[in-house]
Ligand code: HEM
């Protein structure tokens, strides 16, 4: 079911500054005066297949042939419109939540984490869950995890093969899994066999690996649009739920619950505005959301950064030198991560469903239209990023990413809750790897992208050869 495709330079002819493009809610009379966006003229099934398997070619081609805003026939209800203009992005990120609820409420994760988690809920329920979860994800709270992430990374690096090729992605996943287990569940190191903590770690590892099998992807398709899981997804989840509920029950009874800083403990202590505590099911839904949203994304983002670095000797050397000499190391590490996430956004598209007519530049779309933002197209606009297909971390030295121009974490009230944690993980792991290892590509050809669920990942998992630095 998977196909790989390469991101080849495709100039869009945009020069100078991005021209302003009015966007936002319209009343029906105004909307009637503007044309609808052009539609991709291909049979629906072919569009869905191409979008799912070759999204890069699909969106770049439509952008070239139809312009900045176009419409496709897709699998979410209604024909989604795709845009990549920063003003359109701004209009959606800053809209009142009821005018542009997130499309994640309709995502394939819905039957898995239920309709009420911070990822899948919309409206007041979403705000309630987000308020409960925000404190442990703040930048300051994340600082506490840095030492733990560093220990996990150092431990993992020592296990890697020396001098023979291997894929970085699974190694990065081992790190992000340990970080999630520690930060989210408060389970540090390797738990003792036979304990619910051990069961939970093993079941999570197994299910995350199994989710990449073709059968699991088929199962996922069967689950789209449902509130409850069916088939393989249902039996897989039962395996995970048992130890999860055991860990929740044990933690409720833990004597040190009030002193603990992990997210599970904070959720058990949290109270809603009405003074209610969360039920076990609510806690389980949020924990699972965090595992699913935070594990593969961060791991593959790191893998992409390395896929780019080993094929861009200038950038790699500058990073190595900055870390070695400890000169501007922080700025250069940050710039490398920001550029990696610009050029290879792990989640290449996000969306909102507008509930009123919406202006997108010269076009208007009707109420109840899914409006998606192609992060990939936005990040490759030549008017925002000269030579957009080149990997150039230096473009970020002394420049901050624009809120509506660099959006790998989305934005507005749906911005990724784990962004600070993901950035901290990437900083710590990247620096540890640069400090300890000489890393090279095993093949000079760029790795192709594979689209798996909502993510875009390197086809060979960032295949490299590593040697200890002398
Ligand atoms: C490099 C790593 C990551 C990337 C690229 C990423 C990207 C995203 C994106 C694009 C969204 C949707 C935003 C929108 O629609 O505006 C999102 C939402 C979310 N992410 Fe992440 N994410 C990453 C890591 C994490 C981590 C580590 C966690 C937590 C442990 C996490 C938890 C979430 C949650 C809970 C949401 C839903 C927020 C809401 O709807 O209010 N993510 N992420």
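The values are calculated or read from the model by the stated rules, or taken from the named source; none is laboratory data. Bear in mind that the values here come from a model prediction, so they are computed numbers and not experimental data. Counting neighbours? That spans all protein chains shown, and the Cβs are built from the backbone with ideal geometry, glycine included.
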Exercise for the section: Spot the failing condition for residue 438; the list is (1) part of a loop (DSSP other than H, G, I, E, B); (2) in contact with a strand residue (DSSP E or B) (Cβ under 7 Å, 6 or more places away or on another chain), and only one is missed. Expected result: (1)
Problem - Test: residue in the stretch 331-339 that is outside any helix (DSSP H, G or I), surrounded by fewer than 19 Cβ atoms within 10 Å (Cβ to Cβ) and more than 16 Å from the ligand (Cβ to nearest atom) - result: no
Fill in the blank from the handout: When every residue in the stretch 75-127 that is in contact with a helix residue (DSSP H, G or I) (Cβ under 8 Å, 6 or more places away or on another chain) and in a strand (DSSP E or B) is compared, the one surrounded by the fewest Cβ atoms within 10 Å (Cβ to Cβ) is 102
Completion exercise
Every listed condition ((1) buried (at least 16 other Cβ atoms within 10 Å of the Cβ); (2) modelled with pLDDT of 90 or more; (3) over 30 Å from residue 341 (Cα atoms); (4) in contact with a helix residue (DSSP H, G or I) (Cβ under 6 Å, 6 or more places away or on another chain)) holds for residue 282 save (4)
Handout entry: the stretch 128-142, residues that are part of a helix (DSSP H, G or I), exposed (fewer than 12 other Cβ atoms within 10 Å of the Cβ) and within 19 Å of the chain's Cα centre (by Cα)
Key = 139
Fill in the blank from the handout: The condition of being farther than 28 Å from residue 132 by Cα and surrounded by fewer than 21 Cβ atoms within 10 Å (Cβ to Cβ) holds, among 308, 344, 320, only for 320
Practice task
Give the number of residues within the stretch 288-330 that are free of Cβ contacts under 8 Å to residues at least 60 places away in the same chain and within 14 Å of the ligand (Cβ to nearest atom).
Solution key: 0
Practice task
Check whether at least one residue in the stretch 254-263 is touching a residue at least 12 places away in the same chain (Cβ under 8 Å), surrounded by 15 or more Cβ atoms within 10 Å (Cβ to Cβ) and within 14 Å of the ligand (Cβ to nearest atom), and report yes or no.
Solution key: yes
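How about the stretch 344-358: which of its residues are within 13 Å of the ligand (Cβ to nearest atom) and not in a loop (DSSP other than H, G, I, E, B)? Before you say what the answer is, go through the steps one by one.
Of the residues in the stretch 344-358, the ones within 13 Å of the ligand (Cβ to nearest atom) are 344-353.
349, 350, 351, 352, 353 - these are the residues of the stretch 344-358 that are within 13 Å of the ligand (Cβ to nearest atom) and not in a loop (DSSP other than H, G, I, E, B).
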Handout entry: Residue that is farthest from the ligand (Cβ to nearest atom) [pool: residues in the stretch 85-125 that are farther than 22 Å from residue 25 by Cα and modelled with pLDDT of 90 or more]
Key = 125
Practice task
Determine, yes or no, whether residue 417 is touching a helix residue (DSSP H, G or I) at 6+ places or on another chain (Cβ under 9 Å), within 9 Å of the ligand (Cβ to nearest atom) and not in a loop (DSSP other than H, G, I, E, B).
Solution key: no
